[in-house]
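Following: one structure in structure tokens, then a few remarks.
The values are calculated or read from the model by the stated rules, or taken from the named source; none is laboratory data. Quantities reported herein were computed from a predicted structural model and do not represent experimental measurements. Heads up, the Cβs are rebuilt from the backbone with ideal geometry, glycines too, and the neighbour counts pull from every protein chain shown. Ligands, DNA and RNA are excluded from the accessible area calculation, which covers all protein heavy atoms including side chains. Shrake-Rupley method; radii C 1.70, N 1.55, O 1.52, S 1.80 Å.
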Amino acid sequence: MSKLFYPKLAATNIKKNYQTYIPYILTSIGTIMMYYILKSISLDKGLDSMSGGDSLKTILAMGSFVIGLFSFIFLFYTNSFLIKRRKKEFGLFNILGMEKKHISRIMFFETIYVSIISIIIGLLGGIVLSKLMYMLLLKLLRFKVPMGYAISFKAVYNTLILFGCIFLLTFINNLRQIHLTKPIELLKGGQVGEKEPKTKWLLTLIGLAALSAGYVIALITESPIAALYMFFIAVILVIIGTYCLFTAGSIALLKLLKKNKKYYYKTKHFITVSGMMYRMKQNAVGLANICILSTAVLVMLSTTVSLYIGMEDVLRTRYARNLLITSTDITEEYQAGIKDTVSNTLEQHGTEAENILEYRYLSFPAVRNEDTFVTGDEVINSFSSDIKMLYFIPLEDYNAMNHTSYTLDHNEVFLIANGERYTQENFTIFDTPLHIKEHNNTLGERLSDIGDVIDSYYVITNDVDQLEEMYRQEQGNSDETVSYFRYIYGFDINTEDEETIQISQDISSSLHDKDYENSYVESAAGSKEEFFSLYGGLFFLGIFLGGLFIMATVLIIYYKQITEGYDDKSRFEIMQKVGMSRTEIKKSIGSQVLTVFFLPIVTAAVHIAFAFKVITKLLALLGLTNVVLFAWCTLGTLLVFAVFYAIIYVMTAKVYYKIVR
């Protein structure tokens, strides 16, 4: 036997099975390109010199890890479709006298061809497109694009190792399946699952319970801090519920439809229900995968797009004014020194302060129990959704901010609750009851950037000095020279970002020269680059992972349709022989394909609807509180994805009908 027999036979097999191999090879090329591009950008030394470059590199490195892990799982999953379609062919080889070791050699050369083609084209495509993607990233971050081009050999090495291992493991798994399967089972390998599945009511109930629990968690979670960890619990429950209901619940539903004689005994319904019934277990897993991937695409794109578009909202949420000066020294002399420094610096730059914000505050965390708030080290060191932030503001500062002339008696306060409702008449802190003169008074100014993250209470009082002394005693600090107050002086200026940053730096230098070491200066313009690095990087990663998941969704749908088409071919041939016309067959196909196709995306839309509230809480942690913007981004993403999904439906329906016909 010629040494080239097996390589030639392997090449011939790939050509004959091009309908299944080409999409697999294209997907492998796509995942290799994506992994290399993201890995090479994350290793680029040019990011080190950028503002926020460290966080950006961390995001991109995390993204490359996710792509690598997903590629491993996904290529294994799609390879199972290939091996199923080939089992009958291998069984025929075995029956005709070819031993399993000979089949293994054929599979070895097939794996070699696929891996070499995928890795070479994938790396070349990645190397060519990496600079373009890098330029796109810098454009999103609004940074200048540097000239030059370099190949990341470390990224090439990592890509070769990762995907070489993936292809090796898929080959080993294929050998395991072939060697553990009898020849007669190989011949029938493409016809597995013809027995009607039983209704698994326990699994159906588990699915309903898990899905309901996930939805309830998403709906009742109010605190953004709680949403940080409850969201992942809800995601796991929804994934479990989705898989259980698609595998067991769908069968239960089909059997209920079968019992409904008025519905079942119609030509198109009869063929659709009975046709899906026999392979629903395999079908359902694919549909559940499509649903989960579609949900992931919608969540990633809608959140990252809204964060990127809402950048200015995030900055305004974080910074109440263009420039903010915070000081731990609240003496009148210190405050006057800060104002003089600001005034002199602005005069040098030919501008002046507008919309001035000035106040003192005392803040600390506490846990609420009815109308009593408890503080202490255990509260400070805990990370719990029960923590509230208390802000005590002198009445004179509040009146100055809002141009009012309110008065308060001793132990009397105004209370502004940001977050949960507060209806009690008293507010007890340090065992001292404070009478609330007025609830939900208009604050007029946003005083804290964490007000939408943690439930906050702004307490306007004349007794702040007394409260500070009580807090000092509870902290065990007898040094009265140590102040727990903070002084805020903020203002807007009508200058370009570059000049605003320069003014901020000049004020900071002047304060440092005057030994005002207890102050620090922040500016929205100065932090903009860091925000763009973070949110622009997330947007870029969202586009990448969204594209990867969409590609995976398309391939799963395509393979599922091919598998269903070949399985249904003989069944529809029988139906034609007993008198069904091609028109009736096409209607039946349309009914089945519509059901199979749009069930996952409809379910994904339902998942998004229930998750909307908890996702807005997570976005609040990142500074985005514009719920309307996120709603429009979610709706837009869903509509675009639905159009794309419909295009896939039209294309794969033609492939399915062509096979059946």
Kindly check whether there is at least one residue in region 288-301 that is among the hydroxyl-bearing types (Ser, Thr, Tyr), modelled with pLDDT of 85 or more, surrounded by 17 or more Cβ atoms within 10 Å (Cβ to Cβ) and in a helix (DSSP H, G or I). yes
Across region 606-661, what is the number of residues that are within 16 Å of Asp313 (Cβ to Cβ), of a type outside the set (A, V, I, L, M) and surrounded by fewer than 17 Cβ atoms within 10 Å (Cβ to Cβ)? 1
Can you find a residue in region 77-87 that is free of Cβ contacts under 8 Å to residues at least 60 places away in the same chain and within 21 Å of Leu168 (Cα to Cα)? yes
Name the single residue that is farthest from Ile106 (Cα to Cα) among those in region 8-19 being of a type outside the set (Val, Ile, Thr), open to solvent by 20 Å² or more (accessible area, probe 1.4 Å) and assigned to a helix (DSSP H, G or I). Gln19
Tyr229 fails exactly one of (1) open to solvent by 60 Å² or more (accessible area, probe 1.4 Å); (2) modelled with pLDDT under 75; (3) within 28 Å of Lys617 (Cβ to Cβ), namely (2)
Quick one: Phe65 ticks every box in (1) at pLDDT below 85; (2) under 27 Å from Leu293 (Cβ atoms); (3) within 23 Å of the chain's Cα centre (by Cα) bar one, so which box is it? (1)
Taking region 247-267, which residues are of a type in the set (Lys, Arg) and surrounded by 15 or more Cβ atoms within 10 Å (Cβ to Cβ)? Lys255, Lys258
Assess whether Val655 counts as being in contact (Cβ under 8 Å) with a residue 40 or more places away in the chain and among the aliphatic types (A, V, I, L, M). yes
Single residue of region 134-145 satisfying the filter (open to solvent by 40 Å² or more (accessible area, probe 1.4 Å) and under 18 Å from Val305 (Cα atoms)) that is modelled with the lowest pLDDT: Arg142
How many residues does region 341-361 contain that are more than 19 Å from Ala400 (Cβ to Cβ) and either modelled with pLDDT of 90 or more or in a helix (DSSP H, G or I) (or both)? 6
Report, by residue number, each residue of region 503-559 that is within 30 Å of Ile32 (Cα to Cα) and more than 26 Å from the chain's Cα centre (by Cα). Tyr559
Hey, Val285 of a type in the set (A, V, I, L, M) and either surrounded by 17 or more Cβ atoms within 10 Å (Cβ to Cβ) or modelled with pLDDT under 75 (or both) or not: no
Taking region 208-226 on its own, how many of its residues are open to solvent by 40 Å² or more (accessible area, probe 1.4 Å) and more than 26 Å from Ile454 (Cα to Cα)? 3
Kindly establish whether Leu599 is at pLDDT 75 or above and either buried (at least 19 other Cβ atoms within 10 Å of the Cβ) or touching a Cys at 6+ places or on another chain (Cβ under 6 Å) (or both). no
Cβ-Cβ below 7 Å, separation at least six or inter-chain, first residue in region 608-622 and modelled with pLDDT under 85, second outside any helix (DSSP H, G or I) and charged (D, E, K, R): which pairs? Ala620/Asp452
Filter region 20-40 down to residues that are among the hydroxyl-bearing types (Ser, Thr, Tyr) and either outside any helix (DSSP H, G or I) or farther than 16 Å from Tyr77 by Cα (or both), then give me how many there are. 3
Candidate set from region 232-245 (those that are more than 18 Å from Ala609 (Cβ to Cβ) and not aliphatic (A, V, I, L, M)); member that is nearest to the chain's Cα centre (by Cα): Phe232
Counting just the residues of region 363-384 that are touching a Pro at 6+ places or on another chain (Cβ under 9 Å) and open to solvent by less than 30 Å² (accessible area, probe 1.4 Å), which one comes out modelled with the lowest pLDDT? Val379
Restricting region 310-340 to residues that are among the aliphatic types (A, V, I, L, M) and out of contact with any Phe, Trp or Tyr (no Cβ under 9 Å at 6 or more places or on another chain), the one least open to solvent (accessible area, probe 1.4 Å) turns out to be Ala320
In region 102-122, how many residues are open to solvent by less than 20 Å² (accessible area, probe 1.4 Å) and either out of contact with any Phe, Trp or Tyr (no Cβ under 6 Å at 6 or more places or on another chain) or not in a helix (DSSP H, G or I) (or both)? 6
